[in-house]
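Below you'll find the structure, written out as structure tokens, and then a few comments.
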Amino acid sequence: MVLALTVPVAMAVRAATPQDQATIAIPDAVVEPTPTPSVTPTVEVEEDEGPEPTPEQRPDPKKKAEPPRIPERGPGTWQTSRFAAESDRGDGRTVRVRVRVEKTLPIKADDAAKEAAKILHDDRSWQRSENLRFDFVGSGDSADLTINIATPATTDKNCLPARTGGELSCRNGNEVNLNAKRWLLGARAYGDDMENYRRYLVNHEVGHFLGHGHEGCPAAGERAPLMMQQTKGVGKCKPYPWPN
Ligand SMILES: [Zn+2]
């Protein structure tokens, strides 16, 4: 975990100026209620591959036999989904969405787009409550919102000035940057339930795009609000991946 810090710090220096103009809105990881900054020991993910493996790495007690291999960094180029799907809602403001996956990741952009569309078209997601239509567009079309799934290093770079520490995801301007580690490995609060964790991840970051800020657990035993940072844990709440 400590080693991962060197990457975002170095990039913060290099990429500070060009990123500034894209960050009018408040990105995810900046608005953190907790005083702990970017190291976030609460986001505990089993990491068995880092840029510089150390001898004391523990054997991983993973439940799944073969966790996907996720490169720490990638080329910064994208495979853009060709999957297109219009909303079946008749009215509301249209938001054109495209999905991109960083090259070298073991994720197919079309599959990710299908999954994201299924999530955002669900009645429990934002369309109904915000009176929106999410139209998924294929590559070559312009979009209002881009959902990127990227390596940890590229996510960190695209999220600046927010610090995602190689672990977290963010929304920055009209781009949602999902860390591939989270897309493929999930987070503790959701255990092995990747379907629901991905629902949370997409809905939460798109919630930022729609202007929603963070919320806390209202009371023990209640559903965690979607805009709670559930990747870091849900406290005494129960994980819940929808805004409605
Ligand atoms: Zn957030």
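None of the figures in this text is laboratory data; all of them are computed from the coordinates on show. All figures in this text were calculated on a predicted structure; none of them were measured in a lab. Cβ placement follows ideal geometry from the backbone for every residue including glycine, while neighbour counts extend to all protein chains displayed.
When the alpha-carbon atoms of segment 78-232 are used, the pair Rg, Dmax equals 14.8, 47 angstrom. Considering only Tyr200, Ser169, Ser87, and ranking their Cα positions along the charge dipole of segment 78-232 that arises from unit charges at the beta-carbon of Lys, Arg, Asp and Glu, the one farthest toward the positive end is Ser169. Electrostatic bookkeeping for Arg128 treats Lys and Arg as +1 and Asp and Glu as -1; over the other residues with beta carbon under 10 Å from its beta carbon, the sum is -1. A crude spin-label estimate for the pair Glu195 and Glu66, with each label 7 Å from Cα along the Cβ direction, gives 2.3 nm. Between Ser142 and Asp88, the FRET efficiency estimated from the beta carbon spacing at R0 = 25 angstrom works out to 0.70. In segment 78-232, a dipole from Cβ-located charges (positive for Lys and Arg, negative for Asp and Glu) runs towards its positive end, and of Ala143, Gly191, Pro106 it is Pro106 whose Cα lies farthest in that direction. Along each principal axis, taking the top coordinate minus the bottom one, the Cα set of segment 71-161 gives 41, 28, 22 Å in descending order.
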